[in-house]
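Asker: Quick one: structure below, then a few questions.
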Amino acid sequence: MRDKAPSSDALVGLIGTLVGAAIGAVISIVAVRLAARTQREQERAARIARTQTARALVTAEIDHNLHALEGYLAQTDLENPLRTYSNLSGREWIAVHPTPNWSTIAWERALGDLLSGASPAEMLHVFSLYNDLKAYSLATELAVRYHTMQLEGKVDDALVAATYGVQGGLARKIRQAGNPLRPEAVA
């Protein structure tokens with residue numbers, strides 16, 4: 001009996017190696033694609049979580065600012081039952097109490113994440129609200145300065161009334177807008 005020729009053993013070994021390499025390559029490609037897909041899904045889930053967290057933080061911050069505004073306005077309205085005891089008029093109270101220090105930390109830090117999860121209309125309304133809060137503080141400061149100048153006889157009543165009118169108009173606008181990140185607020 002004759003033994004197999006060395007060349008046929010080498011050929012079988014070569015074919016086995018090639019088949020093994022092909023199977024290994026296919027398994028490697030499948031594993032790489034699966035890992036890449038898993039990574040994309042994890043990145044997407046993390047992006048969604050960041051967006052939801054940013055939205056929740058900014059929503060809470062806006063609620064806090066609106067509550068602070070309501071508390072501030074309650075103290076300036078002489079007829080408001082929530083007003084604490086004071087014998088100062090509304091304008092006098094405003095003169096000695098600065099507007100609340102509006103919180104903007106969540107808005108400033110979460111802006112990038114919020115952009116990917118809020119509609120352009122919501123972003124415009126949120127930006128407008130923060131801008132209006134800042135404008136309200138500036139209008140209040142200006143009204144107080146003009147009121148002080150009026151008491152010194154340096155400006156007339158019309159200018160003081162106009163600045164308090166601007167301040168009141170901004171307060172109404174902010175209150176009417178409410179929290180733009182709450183579904184019932186955005187029209």
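The values are calculated or read from the model by the stated rules, or taken from the named source; none is laboratory data. None of these values were measured; they are calculated from a predicted model. Neighbour counts are summed over all protein chains in view; Cβ atoms, including those assigned to glycine, are modelled from backbone coordinates with ideal geometry.
Asker: Filter segment 160-184 down to residues that are crowded, with 16+ Cβ neighbours inside 10 Å and aliphatic (A, V, I, L, M) and give me whichever is farthest from the chain's Cα centre (by Cα).
Answerer: Residue satisfying both the conditions and the ranking: Val160.
Asker: Taking the condition closer than 28 Å to Ile105 by Cβ, part of a helix (DSSP H, G or I), out of contact with any Ser or Thr (no Cβ under 7 Å at 6 or more places or on another chain) and touching a residue at least 40 places away in the same chain (Cβ under 8 Å), does Lys173 pass?
Answerer: Yes; evaluated as a whole, the condition is true for this residue.
Asker: Now, a different point. Looking only at residues in segment 129-159 that are aliphatic (A, V, I, L, M) and over 17 Å from Leu73 (Cβ atoms), which one is nearest to the chain's Cα centre (by Cα)?
Answerer: Leu142
Asker: So in segment 1-39, with the set limited to residues that are assigned to a helix (DSSP H, G or I) and charged (D, E, K, R), which one is modelled with the lowest pLDDT?
Answerer: Checked segment 1-39; the qualifying residue modelled with the lowest pLDDT is Asp9.
Asker: Kindly provide the set of residues from segment 171-186 that are more than 22 Å from Leu73 (Cα to Cα) and modelled with pLDDT of 90 or more, ordered by number.
Answerer: Matches in segment 171-186: Leu181 only.
Asker: Considering only segment 92-121, state which residues are in a helix (DSSP H, G or I), at pLDDT below 90 and over 10 Å from the mean Cα position of the chain (by Cα).
Answerer: Those that are in a helix (DSSP H, G or I), at pLDDT below 90 and over 10 Å from the mean Cα position of the chain (by Cα): Glu92, Trp93, Ile94, Ala95, Val96.
Asker: I've got another one for you. Could you list, in sequence order, the residues of segment 150-159 that are surrounded by 11 or more Cβ atoms within 10 Å (Cβ to Cβ) and not in a helix (DSSP H, G or I)?
Answerer: Of everything in segment 150-159, those that are surrounded by 11 or more Cβ atoms within 10 Å (Cβ to Cβ) and not in a helix (DSSP H, G or I) turn out to be Val155, Asp156.
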